[in-house]
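Report on the structure given below.
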């Protein structure tokens, strides 16, 4: 007799966007793979949390995997994406009947039809696959540079109709838009480093996984999209600056972190003097605060 396969556990980290989160839950429940969903709320405002509770309660009677397959964990503090994800991942690890893989996403993603099945098929063929992600459609490859940390470089990407899709590609770290994490990998290397709060935590986890001999991959053609950037530009720039430096220092040492700090100062000065050179995410004061907080070893939640 073929053993019964547990529905895929999906952990969704939510903060103050209940309508987006409810639509994301509906999308996962309407795809080709049976799922159980755990929503971890990171201390949303009272009104947003009430809206989320009511919406999930209304969904439960028709949920394909039963009422137990749709749950809400109220974390009680806005600890960030990584720490919030860890709450759901611990829930997954505590239940050995919850399957070998867990999916992780923020509250505003859209996995295209076929995405979940394609990723699960790819990892099932690779016994040492430890972390994987869906394809955000940017035609890039996630890499980790000893000076620049996590970044993306152009890839040789086949066209949408290529018979080569979907396909597994080894990468340095998975996109955080929709990650898949293996139970055995988490049990061996641990969960997200909670100093990062948000941004770069998936790259740091991938470093530990790869050092332990696990493979990390992107399943090209298994499409997912992130609906919008929910945080302010200043907060994102602060966290990316601080956390990139932490990642570089942990991976390559203090010399590399010092060089990266100098590069950050030069890039910030150029952005101030030449506004046309600024990237989409740019806030000079936030970058300088991120640089300061790294050297003062201030990690975890960012300042308001």
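Annotations for the structure displayed:
- So residue 190, is it in the same structural domain as residue 138 (by TED's automatic domain parsing) and at positive phi: yes
- Any chance residue 290 is surrounded by 19 or more Cβ atoms within 10 Å (Cβ to Cβ), within 30 Å of residue 126 (Cβ to Cβ) and in contact (Cβ under 8 Å) with a residue 12 or more places away in the chain: no
- Of the set (1) crowded, with 21+ Cβ neighbours inside 10 Å; (2) under 21 Å from residue 145 (Cα atoms); (3) in contact with a helix residue (DSSP H, G or I) (Cβ under 7 Å, 6 or more places away or on another chain), all apply to residue 223 but (2).
- All conditions in (1) over 11 Å from the mean Cα position of the chain (by Cα); (2) closer than 14 Å to residue 250 by Cα hold for residue 172, with the sole exception of (2).
- Residue check, residue 143 under 16 Å from the mean Cα position of the chain (by Cα), farther than 13 Å from residue 223 by Cα and surrounded by fewer than 18 Cβ atoms within 10 Å (Cβ to Cβ): yes
- Residue identified as over 15 Å from the mean Cα position of the chain (by Cα) and within 29 Å of residue 297 (Cβ to Cβ) among 167, 215, 211, 220: 211
- Test result for residue 290, in contact with a helix residue (DSSP H, G or I) (Cβ under 7 Å, 6 or more places away or on another chain) and over 26 Å from residue 106 (Cβ atoms): no
- Unmet criterion (only one of (1) under 22 Å from residue 183 (Cβ atoms); (2) surrounded by 21 or more Cβ atoms within 10 Å (Cβ to Cβ)) for residue 90: (2)
- Residue satisfying all of: in region 293-304; at pLDDT 95 or above and surrounded by fewer than 17 Cβ atoms within 10 Å (Cβ to Cβ); nearest to residue 77 (Cα to Cα) among these: 299
- Checked across region 101-124, the condition of being without any contact (Cβ under 8 Å) to a residue 60 or more places away in the chain and either touching a strand residue (DSSP E or B) at 6+ places or on another chain (Cβ under 7 Å) or in the same structural domain as residue 216 (by TED's automatic domain parsing) (or both) holds for at least one residue.
- Residue in region 215-238 that is part of a helix (DSSP H, G or I), farther than 14 Å from residue 287 by Cβ and in contact (Cβ under 8 Å) with a residue 24 or more places away in the chain present: no
The values are calculated or read from the model by the stated rules, or taken from the named source; none is laboratory data. Note that this is a predicted model, so its numbers are computed, not measured. Virtual Cβ from ideal backbone geometry, glycine too; neighbours counted across all protein chains shown.
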